[in-house]
1. Restricting to the stretch C:91-105, name every residue that is touching a helix residue (DSSP H, G or I) at 6+ places or on another chain (Cβ under 8 Å), free of Cβ contacts under 8 Å to residues at least 60 places away in the same chain and of a type outside the set (A, V, I, L, M, F, W, C).
2. Which condition number in (1) within 30 Å of C:Gly36 (Cβ to Cβ); (2) hydrophobic (A, V, I, L, M, F, W, C); (3) in contact with a strand residue (DSSP E or B) (Cβ under 9 Å, 6 or more places away or on another chain) is the one that B:Phe282 fails?
3. Please go through the stretch A:9-26 and pick out each residue that is at the interface with chain C (Cβ under 9 Å from one of its Cβ atoms) and small (Gly, Ala, Ser).
4. Among the residues of the stretch A:42-52, which ones are facing chain C (nearest Cβ under 9 Å) and either of a type in the set (Gly, Ala, Ser) or under 18 Å from C:Pro222 (Cα atoms) (or both)?
5. Answer with yes or no whether C:Ile72 is closer than 30 Å to C:Arg299 by Cβ, surrounded by 23 or more Cβ atoms within 10 Å (Cβ to Cβ), touching a residue at least 24 places away in the same chain (Cβ under 8 Å) and more than 14 Å from the chain's Cα centre (by Cα).
6. Any chance you could count how many residues in the stretch B:107-144 are assigned to a loop (DSSP other than H, G, I, E, B) and among the β-branched types (Val, Ile, Thr)?
7. Counting only residues that are more than 28 Å from C:Arg94 (Cβ to Cβ) and either touching a Ser or Thr at 6+ places or on another chain (Cβ under 7 Å) or of a type outside the set (Gly, Ala, Ser) (or both), how many does the stretch B:301-356 have?
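The values are calculated or read from the model by the stated rules, or taken from the named source; none is laboratory data. Not measured: the values here are computed from a predicted model. A quick note on method: Cβ atoms are made from the backbone with ideal geometry, for glycine too, and the neighbour counts reach across all protein chains shown.
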Amino acid sequence: MCLGVPGRVNEIYEANGLKMGKVDFGGVKREVCLEYVPEVEIGEYVIVHVGFAINQMSEEEAEETLDLLRQIINIEDEIGPEGGVT
Amino acid sequence: MSEEKDQVTIHGLVCPRPLVHDDIVVLGHGSGGKMTQDLITRTFYPPLENPALLRGDDAAVVELPQSGRLAISTDAHIVAPLFYPGGDIGRLSVAGTVNDLAVMGAKPLWLTASFILEEGLPMFILEKVLESMKTAAQEAGVVIVAGDTKVAERGKADGIFITTSGVGVIPVGREVGGAMAEPGDAVLLSGPVGEHGIAVLAARGELEFEADVTSDVAPLNGLIETMFKVCPAIHVLRDPTRGGVATTLNEIAQQSEVSIQIDEIAIPVTPPVMAACEMLGFDPFYVANEGKIVAIVPTEYAEAVLESMRTHPLGEQAVRIGEVLDEPAGRVLMKTAIGGTRVVDVLAGEMLPRIC
Amino acid sequence: MKYVSEYRDADLVKGVLDEICRTVTQPWVVMEICGGQTHSIVRYGIDQLLPSEIELVHGPGCPVCVTPLELIDKAIAIASRPEVIFTSYGDMLRVPGSERDLFSVRASGGDVRVVYSPLDAVKLAQQNPDREVVFFAIGFETTAPPNAMSVSQAQALGLDNFSVLVSEVRVPPAIHAILGSPHNRVQGFLAAGHVCAVMGYWEYPPIAETYNVPIVVTGFEPLDIVRGVLHVVRLLESGEVAVENAYARAVTFEGNKPAQALIERVFETCDRKWRGIGVIPQSGWKLRPEFAAFDAERRFQVADIQAEESPLCIAGLILQGLKKPHDCEAFGRQCTPEHPLGATMVSAEGACAAYYRYGRFTNE
């Protein structure tokens, strides 16, 4: 139920009464329905499932998560896997 | 056959003279009479011309090489759409047969091409396809020495169907085959995977996506010869087409009764192919190629073969993707991007976009 | 690929795996209830990399797997009609009904087409006013807003040749059914990230409290999954019962309000039969009466079709996490992806299909 892929909104327009957009997944572009992300702006990221943006993707959260995890590895490098100082 | 009543066959003077149809293909073009002859001389001969073909006999006659063994192959080609970024059914048919011969270690020499044309096909489409076949044949250094044309009623041939056969010569001393992989061998791949499958899928338009992807369809005999130059004893060569590299490796693993182990990180995939696969839920390892080589060579030759491949335009991104082991025989295993292991099975059925 | 590749970084994944190893002190049974997560776990070999104390169980998270046999038969009956263009997500074409599948309907002349988006089906209806276009609206909450939009759009455009065959299911009732079962072994839950992107995760704290089971909203890339496992293991080890969000880049507590509003407008909850499990009350959605005109079951009078499952199939036990695919006698023998006998072999994400494809024939 869950194949959702992040993509960048490149264009926003209306078609048949619906808010639609062109989303770029990194070399592949598709028309996506943006009705469920009414506040999204060009340049922002959305999660796309069957041609619909089901939510906006928070780049801030994404970066925070990755930073946090990178820190875990750095700490590990310092203290070593068993907890002793290397 | 119901075609008979619609045919126009001209015997001597006929009144009124039949219309000359030179903008679309009609049933009369397949009748075997003057219209067929006109089609052949006006449309087929110019792009494909070579002495054997132009003789116009019922069969082409060629000189057999003094030594070596013959390799013979045949393929039927159906593709929709007929034209897509990077290629078309004409290029596909020439490259496909050339490659089938080349992966046996043969130097491809002669091709035949028979066409089933759909009534109503615009003539300029046929001309474009033939022009494309000419280009592909020149790239491969082969000649199309014999051909045939029939016309099917509207609705019964999807534009064009092409069947090609090819003959090549395997030099003395060369032995390549799917059963020849040995434990310890290196597994090489000539470049990024999945380009043809995604390019055609995008061009079909049913899933309505645009992809910056061009089909890789190309004759590979030139690339293969650069490999034999540095390694006369290549064990296996394959061009992974439908079913992707995954299916090809499984075939080899079973034929040779060995295990093939692949490193996921080593497999080249271009960003747009990856993006298309992610969006649709495809695995690029299973997507069709038409211009790639999988080679299995003794490991001591791996570096030299890769260097040689990289000097050729079709092998610039050649990499080593894995190795051949003893066990588990018949299975392809993959070390995943995060260090886990998974079994790579053959493609079961058609790949369909998934929601899950 | 941005915001995908970073979550497949081997070093980051290993970092989290090491942390899991440091944290775990006893065996735990954790269930994930999303076909996409099952796929990712098996594809990347994540469960092999987790410490052996952690047993990952695959719940009924695949909408293809849980679609009842009779609904497939109904789809086939409708698709076989000459006036119908039957459209579906790709996953459903290979699912065998009692006699055959949608692929063979196409081979016999039926007009069966794969669409990527439900709006493509609506477009087909606009372009083919003389044909009946039917869309097979399957899915969990993630797919409900798109499926609902197809109906509301068809209504807005005044289309009278468009209808949907609905098989919508909801996750929370399924979790209740699993955790509430007397045989339940599941101690921690990974909630489906994209379901929660739509619905939020406000439904989960009551579930966690009722059954004393920590729940962590989890994404789909390898890094997301191991993070989800880390969070749930930390909660289990500390004895804390809580709901946490480990997919914050896509999920908020309230979820997507506009999407929920449209689901509410088009659908109402109903009982649904889950293949292999049985009827779970209030576990599905059906069209509201005001959209009855778009109900394909009514339009084509297929409501009475019944079907029976193969006696060899233990999909129900697998979906509830009580058995593994290789526990089944038919696994890999009478039942393969080419000839699936039941729900979990049918879709690529079904536990049995995933195990088969990735070679899990034994208990390793």
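1. Narrowing the stretch C:91-105 to residues touching a helix residue (DSSP H, G or I) at 6+ places or on another chain (Cβ under 8 Å): C:91-103, C:105.
So of that shortlist, the ones also free of Cβ contacts under 8 Å to residues at least 60 places away in the same chain come out as C:92-93, C:99-103, C:105.
Residues satisfying the conditions are C:Glu99, C:Arg100, C:Asp101.
2. (3)
3. Once the filter is applied, which keeps residues that are at the interface with chain C (Cβ under 9 Å from one of its Cβ atoms) and small (Gly, Ala, Ser), the stretch A:9-26 yields A:Gly17, A:Gly26.
4. The first filter runs over the stretch A:42-52 and keeps only residues facing chain C (nearest Cβ under 9 Å), leaving A:45, A:47, A:49-52.
Correct list: A:Ile47, A:Gly51.
5. Details: closer than 30 Å to C:Arg299 by Cβ: yes; surrounded by 23 or more Cβ atoms within 10 Å (Cβ to Cβ): yes; touching a residue at least 24 places away in the same chain (Cβ under 8 Å): yes; more than 14 Å from the chain's Cα centre (by Cα): yes.
It is true that C:Ile72 is closer than 30 Å to C:Arg299 by Cβ, surrounded by 23 or more Cβ atoms within 10 Å (Cβ to Cβ), touching a residue at least 24 places away in the same chain (Cβ under 8 Å) and more than 14 Å from the chain's Cα centre (by Cα).
6. At the first step, the residues of the stretch B:107-144 found to be assigned to a loop (DSSP other than H, G, I, E, B) are B:119-121, B:141-142.
Still in the running and among the β-branched types (Val, Ile, Thr): B:142.
Residues flagged as assigned to a loop (DSSP other than H, G, I, E, B) and among the β-branched types (Val, Ile, Thr) within the stretch B:107-144 amount to 1.
7. Start the filter on the stretch B:301-356 by keeping residues that are more than 28 Å from C:Arg94 (Cβ to Cβ), which leaves B:301-327, B:329, B:335, B:338-339.
Checking which are either touching a Ser or Thr at 6+ places or on another chain (Cβ under 7 Å) or of a type outside the set (Gly, Ala, Ser) (or both) leaves us with B:301, B:303, B:305-321, B:323-327, B:329, B:335, B:338.
Within the stretch B:301-356, residues that are more than 28 Å from C:Arg94 (Cβ to Cβ) and either touching a Ser or Thr at 6+ places or on another chain (Cβ under 7 Å) or of a type outside the set (Gly, Ala, Ser) (or both) number 27.
Yes/no per residue for (1) more than 28 Å from C:Leu69 (Cβ to Cβ); (2) more than 9 Å from every other protein chain (Cβ to nearest Cβ):
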site: C:Asn128; (1), (2): yes, yes
site: C:Phe136; (1), (2): no, yes
site: C:Glu141; (1), (2): no, no
site: C:Asp160; (1), (2): yes, yes
